[in-house]
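Here the structure comes first, spelled out in structure tokens, and everything after it is commentary.
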């Protein structure tokens, strides 16, 4: 079908059948109309410009004479579109809410950090218990995640990185009860930082969780 071409009687160009409307009365043209879709659309537009007043009047008269039919058609159309419309509205709400959350987080980073740190300090025992229970019930996930994390660190560790300094940073953080954060995240949608001594900093776990991989110095 793709190798077949049909000549449009209006513009005279040879085009594939897919660019013509179907017409069961034209078997010699592969059941396609004589005008291509582009020409048919242009002609309908031109006709509407010339006959807009008359066509609009006739259309309104037809609606008045067929009110019940129009209502039935509209009801059927609304029923068919209800599910799709509901899903579309839910998707739009989620997109708008996500955008609003991003805007708020970008403009209130310090406030979020303070709230997160205060909440963690107040509920540290329950948070640790929940995390321990979750890890216990999802061992496979965490084993796979840790393996991937180690692989990311290996690929992100440059040859000039000082392993002794990196180890010292982790040891210092462990002694102080802090978490080691990659200043520029190892992996995010916009950047991929390095695993070296210049990209590490010991910070409270609550601050590290709040920062996640969404914030870094001089971010766009």
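Among the residues of the stretch 171-183, is there at least one that is in the same structural domain as residue 149 (by TED's automatic domain parsing), assigned to a loop (DSSP other than H, G, I, E, B) and either in contact with a helix residue (DSSP H, G or I) (Cβ under 7 Å, 6 or more places away or on another chain) or within 19 Å of residue 218 (Cα to Cα) (or both)?
Looking for residues that are in the same structural domain as residue 149 (by TED's automatic domain parsing), assigned to a loop (DSSP other than H, G, I, E, B) and either in contact with a helix residue (DSSP H, G or I) (Cβ under 7 Å, 6 or more places away or on another chain) or within 19 Å of residue 218 (Cα to Cα) (or both), one finds at least one in the stretch 171-183, hence yes.
Of the residues 70, 64, which single one is exposed (fewer than 10 other Cβ atoms within 10 Å of the Cβ) and either without any contact (Cβ under 8 Å) to a residue 24 or more places away in the chain or within 30 Å of residue 204 (Cα to Cα) (or both)?
Just one listed residue meets the conditions, 64.
Is it true that some residue in the stretch 193-202 is surrounded by fewer than 15 Cβ atoms within 10 Å (Cβ to Cβ), farther than 26 Å from residue 120 by Cβ and out of contact with any helix residue (DSSP H, G or I) (no Cβ under 8 Å at 6 or more places or on another chain)?
Yes, because at least one residue in the stretch 193-202 is surrounded by fewer than 15 Cβ atoms within 10 Å (Cβ to Cβ), farther than 26 Å from residue 120 by Cβ and out of contact with any helix residue (DSSP H, G or I) (no Cβ under 8 Å at 6 or more places or on another chain).
For residues in the stretch 137-170 being more than 20 Å from residue 211 (Cα to Cα) and touching a helix residue (DSSP H, G or I) at 6+ places or on another chain (Cβ under 8 Å), which is modelled with the lowest pLDDT?
142
Taking the options 133, 121, name whichever one is within 18 Å of residue 209 (Cβ to Cβ), over 31 Å from the mean Cα position of the chain (by Cα), surrounded by 10 or more Cβ atoms within 10 Å (Cβ to Cβ) and touching a residue at least 40 places away in the same chain (Cβ under 8 Å).
Sole residue among the options that is within 18 Å of residue 209 (Cβ to Cβ), over 31 Å from the mean Cα position of the chain (by Cα), surrounded by 10 or more Cβ atoms within 10 Å (Cβ to Cβ) and touching a residue at least 40 places away in the same chain (Cβ under 8 Å): 121.
Among the residues of the stretch 8-39, count how many are touching a residue at least 24 places away in the same chain (Cβ under 8 Å) and either in contact with a strand residue (DSSP E or B) (Cβ under 7 Å, 6 or more places away or on another chain) or assigned to a helix (DSSP H, G or I) (or both).
9
The values are calculated or read from the model by the stated rules, or taken from the named source; none is laboratory data. In this text the structure is predicted, and so the values were computed from the model without any measurement. Positions of Cβ are backbone-derived with ideal geometry, glycine not excepted, and every protein chain shown enters the neighbour counts.
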